[in-house]
Amino acid sequence: MSSSSSSDDELGGARIPIGQRPEWSDVRPVPQDEGPRPVVAIAYSGEFRETMDYFRAVYLAGERSPRALDLTGEAIEMNPGNYTIWHFRRLVLEALNVDLLKEREFVDHTASHNSKNYQIWHHRRWLAEKLGPEAANREHEFTRSVLALDAKNYHAWSHRQWVLQALGGWENELDYCHQLLEDDIFNNSAWNQRYFVITKSPLLGGLQAMRDSEVDYTIEAILANPQNESPWRYLRGLYKGETNLLLNDNRLTDLCLKVLKTDCSRVLALSLLLDLLCNGLQPSEELKEVVESMRHDRSEPSNANLAAVICSILEAMDPMRLNYWAWRRSNLPSEIC
Amino acid sequence: MGELEAEKHVQYILSVEKRKDDFESLLMEHLRINGAYWGLTTLDLLRKIEAVDSDEVVSWVMSCQDQDCGGFGGNVGHDAHLHYTLSAVQILLLFDRLDILDIDKVSDYVAGLQNEDGSFSGDIWGEVDTRFSYCAICCLSLLHRLDKINAEKAVDYIVSCKNLDGGFGSIPGGESHSGQIFCCVGALAITGSLHHVDRDLLGWWLCERQCKDGGLNGRPEKLADVCYSWWVLSSLTMIDRVHWIDREKLAAFILNCQDRENGGISDRPDNAVDVFHTYFGVAGLSLLEYPGLKPIDPAYALPVDVVNRIFFGK
């Protein structure tokens, strides 16, 4: 597909200006229309301007030809964020009935150094949709390679979720999440994907079937790094809409106790405990003692209820969010006050 | 930390408008209309919008409209897209020049991009994202044409993107992200549907975004960036939870990202400035009620006096 007119970084040679290429001699370039008044004009320069001027010429003429396809490739190379060029490229691809596997090579190449560009990902999805379920594993390999460089790339995750739902390839997804969390247990995107898999995978039986083993998995992750926000939220998500299960699972209160007895950051453990108490948890004597021992100001009456004590501790421990914890304290459910 | 270099930021924005031939402005060419919205709104918040010739801007904006479909492109002759269309409408409103627009034509274009499930595509190529739900709902509301879409379905789709942490993603299952949260909460606020937001849960997640340096990040374990001073703060404002963060520390973080010599604001201290972050920094300070700035509406992302003019004719 690429002719001698491809951009220089592919060929390693000097780029020939389009105006000097014989295959373009019949085309008159069209400069950017600056609108009715030239005051807000953009003074384009060099290769970029020339390429865009020729692009406008083929675009306005509606030319669906191999040279037009090559030209969109060059223009995308220079500015992959331009919707119009991508849009026109798809029209040409459809008209010429081009081998879409070759197009995928082009997108692989372009995406490798523009992994946060919306247009490329959209184009990739258009392509995968045309290629169908057979493309699923290849797409998963591709997002895997992007996520290997930036494990939180939002576009890659969106694409991966779309491919899973539209084209399949769920088999190894939970293992993949585990692998990413082994690399970086703080990766919130991987936790989010894990929740996506356990709730949506057609192979795992859904949240109810997965809850028990996931609670163990999450508790282990929390104990390794109690200051990690993501698994604490994930843990709550596992009991979504099931407050009774949440309150009756002793593993949660045990977890809070264990973390509170360590020297690590205890904000998130206190926060979960506060939520449990607000939902009606009856605290054990041991739990009460541990919390009491954390009080800075022992002058307050010790018969204050445990939830209020926790809020006071958090106000001192997390001063950036002092107003949040103070608000929690003043809004405790009346049943527990 | 020091003060806001308001006059220098005005000069910086005016100079970007005039500087057309460097690499950055070439790359910005296709989203020039977004850049114009960021720059002009910042000027208005700084009470200096009269420094630009409104007739010039308005006629240029109108020349970006696609006469066939009614939507706006990012520049003259470019394809229409919802995001550019919203920016175009916002710019016209800054200058109170909606009279120049065929409102039904534009709103038909926007409404035509709603899908069966209530979501919106950004353009005819069909990319779906809650960002586009916001663009469509905000735009139609500003044009008094929300009745042209199925608002109930639009809301249902946004709610389907809600996550276990109370936040929202770009599509159902997508990770919560402060930018997407602004879009979803903004669209819900505009349609009077904030009851779908779990304010306390989301408010806690949002205030957890404040980092030790005082700045806000977009997701857990990411670095603070001035742009989230807008996305997070506007969301917290819409759900009445802005007092849950340390506002003084945030203001200090934003002010630390100023280029005190040449004007402009960067993503974090000592980085290069751009119009995008200058807007987010000034808009964030406006939400923090920084003295001298016009107040900004957290849902419509326009100065409050402009929004009042639209809805109350004041």
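Couple of notes before you dig in:
- Sum of side-chain charges, B:Gly218 neighbourhood, beta-carbon under 15 Å (Lys, Arg +1; Asp, Glu -1): -2
- Relative contact order, percent, chain B [alpha-carbon distance under 8 Å, six or more residues apart]: 18 percent
- Gyration tensor verdict on segment A:250-336 (Cα atoms; rounded if a/c is under 1.5, prolate if a/b is larger than b/c, oblate otherwise): rounded
- A:Met320, A:Met52 arranged by Cβ crowding within 10 Å, fewest neighbours leading: A:Met320, A:Met52
- Distance from segment B:181-209 to segment A:217-288 (C-alpha centre basis), Å: 25 Å
- Max mean-square fluctuation residue, GNM over chain B, Cα-Cα springs under 10 Å, options B:Leu188, B:Leu101, B:Leu92: B:Leu101
- Straight-line cross-link partners of B:Lys105 among the lysines, defined as a Cα under 18 Å from its Cα and at least 8 positions apart when in the same chain: B:Lys148.
- Rel. contact order, % - alpha carbon contacts under 8 angstrom, at least six apart, chain A: 8 percent
- All lysines inside 22 Å of A:Lys258 as judged from Cα atoms, apart from same-chain residues fewer than 8 positions distant: A:Lys288
- Size descriptors for chain B (Cα atoms only): Rg and Dmax, in that order, 18.5, 52 Å.
- For B:164-177, mean number of other protein chain Cβ atoms within 10 Å: 6
- Sorted by Cβ density within 10 Å, fewest first, the residues B:Cys184, B:Cys227, A:Cys264, B:Cys135: A:Cys264, B:Cys227, B:Cys135, B:Cys184
- Only lysines eight or more places from A:Lys240 in sequence, or on another chain, were considered; those with a Cα closer than 20 Å are A:Lys200, B:Lys162.
- Sorted ascending by nearby beta carbons within 10 Å, beginning with the fewest, B:Phe182, B:Phe95 become B:Phe95, B:Phe182.
Computed from the coordinates by the stated procedures, all read-outs in this text should not be read as laboratory data. All values derive from a computational prediction rather than experimental measurement. With ideal geometry, Cβ positions are generated from the backbone for all residues, glycine too; neighbour counts draw on all protein chains shown.
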